[in-house]
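One structure is given below, encoded as structure tokens.
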Amino acid sequence: MSALLNQARRALLEPAGIGDTEIERLMGALLGYRLDYADLYFQYSRHESWTLEEGQVKTGSHNIEQGVGVRAVSGEKTGFAYSDEIMFPALIEAATAARAIAHRGGGPAVPVIWHPSPVHELYQPLDPLESLEDGDKVRLLEQVEAEARRQDGRVKQVMASLSGVQEIVLLMRSDGVLAADVRPLVRLNVTVIVEQGGRREQGSHGGGGRFSYHDFISMGAAETYAREAVRQAVVNLDAGPAPAGTMKVVLGPGWPGILLHEAIGHGLEGDFNRKGTSAFSGRIGERVASAECTVVDDGSLPGRRGSLSVDDEGTPTQQTVLIEKGILRCYLQDLLNARLMGMAPTGNGRRESYAHIPMPRMTNTFMLAGRHDPREIIESVDKGLYAVNFGGGQVDITSGKFVFSTSEAYLIENGRITRPVRGATLIGNGPDVLTRVTRVGSDIQLDSGVGTCGKEGQSIPVGVGQPTLLVDGLTVGGTHES
Amino acid sequence: MTEESKPVAAIAGTLEALVGEVLAEARRQGATAAEASASVSQGLAVTVRLGVVETVEHTRDKGLGITLYFGKQSGSASTSDLRIEAVRDTVRAAASIARHTAADDCSGLADPESLAHSIPDLDLHHPWNPGADEAIEVATACEQAARAADPRIRNSEGASLSSHEGLEVYGNTNGFMGAVASTRHGLSCAVVAQDDSGMQRDYWYSVTRDASDLESRESVGRRAAERALRRLSARKLSTRQTPVLYEAPVASSLLSHFVGAVRGANLYREASFLLGQLGKTVFAPWVRLYERPHLRKALGSAPFDNEGVATRDRDLVRDGSLLGYVLDSYSARKLHMTTTGNAGGVHNLTIQPGTDDLPDLIARMHTGLLVTELIGFGVNSVTGDYSRGAAGFWVEGGQIQYPVEEITIAGNLLDMFRHMVAVGRDVDLRGNIRTGSILIENMTLAGS
């Protein structure tokens, strides 16, 4: 921890000449007011991306952002301001703006001793941008292209991208908690377009996590991702119309866990439940899923895209059981909502950057393995849909209605997977969809590291996962009435 | 905030000087050409929930981006740190990337003859600076209007008022330098209606360049309440084929799918269902789509695009036939065409309004689905396959019967465009795409 703290101080405070005296004056400026809480969030991030199309890496970009967010909380009120200059006068100005929500006098004392927050070591504090020579980054993308073309003569276009970010954060709280983190995040993606007899289809695959570019090379990602994208595109060349109506749906393992993210996860975020605007509000202890279902959110998995050693409010991440054998157990909390609801923070206080207010957000959300053989689950279905790959999803928190859209799906007829069908949106009702999960497979799998979650204009990396599931009745939005 | 920030007009010169300096630095580092943009913005956003202030947010951003070229190789970089050393590092980062990218015949600045020679004042800049107290007062009154509308408005996500002001400068080594100052003010309200059937949330908002053009606080609040209330007791429908009427605020999404399909990048990558359709009929024969980049005060107006290219009025679709794509210089060269001034997107893309109001269109549809909300991303731009979650109202005998939810609507976009029956005159002006409500002849509705 102290190594991380030192690294963060060196990157964020020293260049600006900000030492203990300045921090004390800054906290003093905030805490002379009637506040319950205040924090300073220093952040530096460096991002790059390289993209390949038509066989060549034609463009790349590099971006540096840094700044400080100043937050002052009084009751349910939050005052927030930020500065993209880490310089003392700009910080005082931001603090002055943020504290204006509260009246002068009687705030908490300025911390005399700082307590470093315990953090997990889930990833190396490395700079992924420096983990590979630029020429090798270009070669990695060229390998993706070559492999995709080698797979199938029907491949017409290959688009691949490689991106990496290093984020250094330092958080100082009015209660004396101090936290630092150095967060790497990398991603490799490929999209192909195939053509046959005038019909064009696309397929995509990708992955990543909190590691270095080297890991893509050691795991052979260029080849496996390219093959998977081509496989999906080629499957879709033969896809017929998707069915329309309510039917049995078998969801494959891994990324289809986006079901849980949309149907359950968002509705369990503490802010919506404190305000009573979620379809899950006031339902802790009630049955919201079949006894087969146990769903967790876990930000403490090593190297995962949705993981954080410590959240953006200095709370260590943890495994939080949201649904245990079908019973709703817990909401996802940040500090503000946990305090107002009289609950414990769960390490889910996250923010897109220093320029955004933290809120309760998911990390890696998944269902634990059940006892059924995935093959038997498919064999148990007379007529239905087997959906293994998805695009995005969305939810209406208040009504509980959620959607997620297939990008690879098949018909199940008489217990057998028969034909691929075109993309379709599946729609359901969050609070009851899991009550219709009648079988849970033993094949738990997490996604490959591609999820991005948007909420109130803030985007953050997340993970999902699940075993094969049978949902006994979900509406499939195809075009073919059966 | 107590201290007054400098008005953006006063710093235009400073930003132009900065862009000039960046271009000069790029030259010093060996670039054969370069383009750069710099921006500053500041603003305030407050949210009031159940009559109490929830958040007061002060925003203040700045940024600088550069793309430079060594012949036909290019690299880009950006930074929020505008100090001279950081700016030099940023140019260096772009140069380092450019050295590793492949030479691309189509890369480069916009052709000099396409650049805007004069920069018309489009009346986009109306600073307000309400201050937190006034902003709180407006948001409070807005939310109060929603909560007072009906006893079934039992909860609220609050009302928000925001006011932002910004300045953007773009310059390139072909001698172009242009600045645009603009403002954007918004008032929104989201409330929850509740009865024995359950809870429904809905919202309304107003957004304008000039705060005096904002819809009144009472109206925004009342419409948010009405929209939430009318969704109570929503039912699911059975699966069927049906006409679908998109209410204006969601109809714009149909045209944004069109824009995506005629964007140059998707065409040269052959990733569009409208590939090879230039000059062909892609919409019903009555459809006319045009761009009006120079409308005064409009949200999508711009005197020049992100490459300094002059923006112009033009038709994209006439008599249902596709007349033009949405191109920047790069994609235009890839397609052996010329830029249409759309680097960064379209400007006030408009479908020629019809003569019917929404109730007229409902009557005309007679039986079918009125869609007021869409969720999800089920649109495939390569094939045009379309399948999205929907909520709205079932219509029979030309009258709204009851609210519906948990259904999907599906079809193929090309087929939907060709079977557009009518567009209303109830044009939604709150975005870059301007359309009234749109009636589609037939889609598959999936439900129970």
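The values are calculated or read from the model by the stated rules, or taken from the named source; none is laboratory data. Here the structure is a predicted model, which is why all the values come from computation and not from measurement. So basically every Cβ, Gly included, is an ideal-geometry build from the backbone, and we count neighbours across all protein chains shown.
In the stretch A:97-124, what residues are outside any loop (DSSP other than H, G, I, E, B), surrounded by 18 or more Cβ atoms within 10 Å (Cβ to Cβ) and in contact with a helix residue (DSSP H, G or I) (Cβ under 8 Å, 6 or more places away or on another chain)? Across the stretch A:97-124, the qualifying residues are A:ALA98, A:ARG99. Contact map, the stretch A:451-467: first residue assigned to a loop (DSSP other than H, G, I, E, B), second residue small (Gly, Ala, Ser), Cβ cut-off under 8 Å, separation 6 or more or different chains; pairs are A:PRO467/A:ALA369; A:PRO467/A:GLY370; A:PRO467/A:GLY441; A:PRO467/A:SER442.
A:THR191 satisfies every condition listed in (1) touching a helix residue (DSSP H, G or I) at 6+ places or on another chain (Cβ under 9 Å); (2) more than 14 Å from chain B (Cβ to nearest Cβ) except (2). Scanning the stretch A:125-147 for residues that are in contact (Cβ under 8 Å) with a residue 60 or more places away in the chain and assigned to a loop (DSSP other than H, G, I, E, B) yields A:PRO125, A:LEU126, A:ASP127, A:SER131, A:LEU132.
Return a yes/no flag: does the stretch B:29-44 have any residue that is among the hydrophobic types (A, V, I, L, M, F, W, C), surrounded by fewer than 19 Cβ atoms within 10 Å (Cβ to Cβ), touching a strand residue (DSSP E or B) at 6+ places or on another chain (Cβ under 8 Å) and more than 8 Å from every other protein chain (Cβ to nearest Cβ). Scanning the stretch B:29-44, I find no residue that is among the hydrophobic types (A, V, I, L, M, F, W, C), surrounded by fewer than 19 Cβ atoms within 10 Å (Cβ to Cβ), touching a strand residue (DSSP E or B) at 6+ places or on another chain (Cβ under 8 Å) and more than 8 Å from every other protein chain (Cβ to nearest Cβ), so the answer is no.
Here A:TYR225 passes the criteria (1) more than 20 Å from A:GLY391 (Cα to Cα); (2) surrounded by 21 or more Cβ atoms within 10 Å (Cβ to Cβ); (3) hydroxyl-bearing (Ser, Thr, Tyr) except the one numbered (1). If I ask for residues that are surrounded by fewer than 22 Cβ atoms within 10 Å (Cβ to Cβ) and not in a strand (DSSP E or B), which ones from the stretch A:148-185 would you list? Result: A:ARG149, A:ARG150, A:GLN151, A:ASP152, A:GLY153, A:ARG154, A:ASP175, A:GLY176. Counting residues in the stretch A:55-65 that are at pLDDT 90 or above, more than 9 Å from chain B (Cβ to nearest Cβ) and under 28 Å from the mean Cα position of the chain (by Cα) gives zero.
Residue-by-condition table, conditions (1) in contact with a Leu (Cβ under 8 Å, 6 or more places away or on another chain); (2) in a loop (DSSP other than H, G, I, E, B); (3) modelled with pLDDT of 95 or more:
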{"residue": "A:SER353", "(1), (2), (3)": "no, yes, yes"}
{"residue": "A:HIS356", "(1), (2), (3)": "no, yes, yes"}
{"residue": "A:MET362", "(1), (2), (3)": "yes, yes, yes"}
{"residue": "A:GLU376", "(1), (2), (3)": "no, no, yes"}
{"residue": "A:VAL381", "(1), (2), (3)": "yes, yes, yes"}
{"residue": "A:TYR386", "(1), (2), (3)": "yes, no, yes"}
{"residue": "A:ASN389", "(1), (2), (3)": "no, no, yes"}
{"residue": "A:GLY392", "(1), (2), (3)": "no, no, no"}
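Conditions tested, residue by residue: (1) within 14 Å of chain B (Cβ to nearest Cβ); (2) not hydroxyl-bearing (Ser, Thr, Tyr).
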| site | (1), (2) |
| --- | --- |
| A:THR435 | no, no |
| A:GLN445 | no, yes |
| A:GLY449 | no, yes |
| A:LYS455 | yes, yes |
| A:ILE460 | no, yes |
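Being touching a Phe, Trp or Tyr at 6+ places or on another chain (Cβ under 6 Å) and under 30 Å from B:LEU445 (Cα atoms) is true of B:GLY320. If a residue has to be in contact with a Ser or Thr (Cβ under 9 Å, 6 or more places away or on another chain) and part of a loop (DSSP other than H, G, I, E, B) to count, how many in the stretch A:314-343 make the cut? Counting residues in the stretch A:314-343 that are in contact with a Ser or Thr (Cβ under 9 Å, 6 or more places away or on another chain) and part of a loop (DSSP other than H, G, I, E, B) gives 11.
If you filter the stretch B:120-135 down to residues that are surrounded by fewer than 16 Cβ atoms within 10 Å (Cβ to Cβ) and not acidic (Asp, Glu), you find that the one that is farthest from the other protein chains (Cβ to nearest Cβ) is B:PRO120.
As a summary of the residue check, A:TYR82 satisfies the conditions (1) within 26 Å of A:ARG10 (Cβ to Cβ); (2) facing another protein chain (nearest Cβ under 9 Å); (3) touching a Lys or Arg at 6+ places or on another chain (Cβ under 6 Å) except for the one numbered (3).
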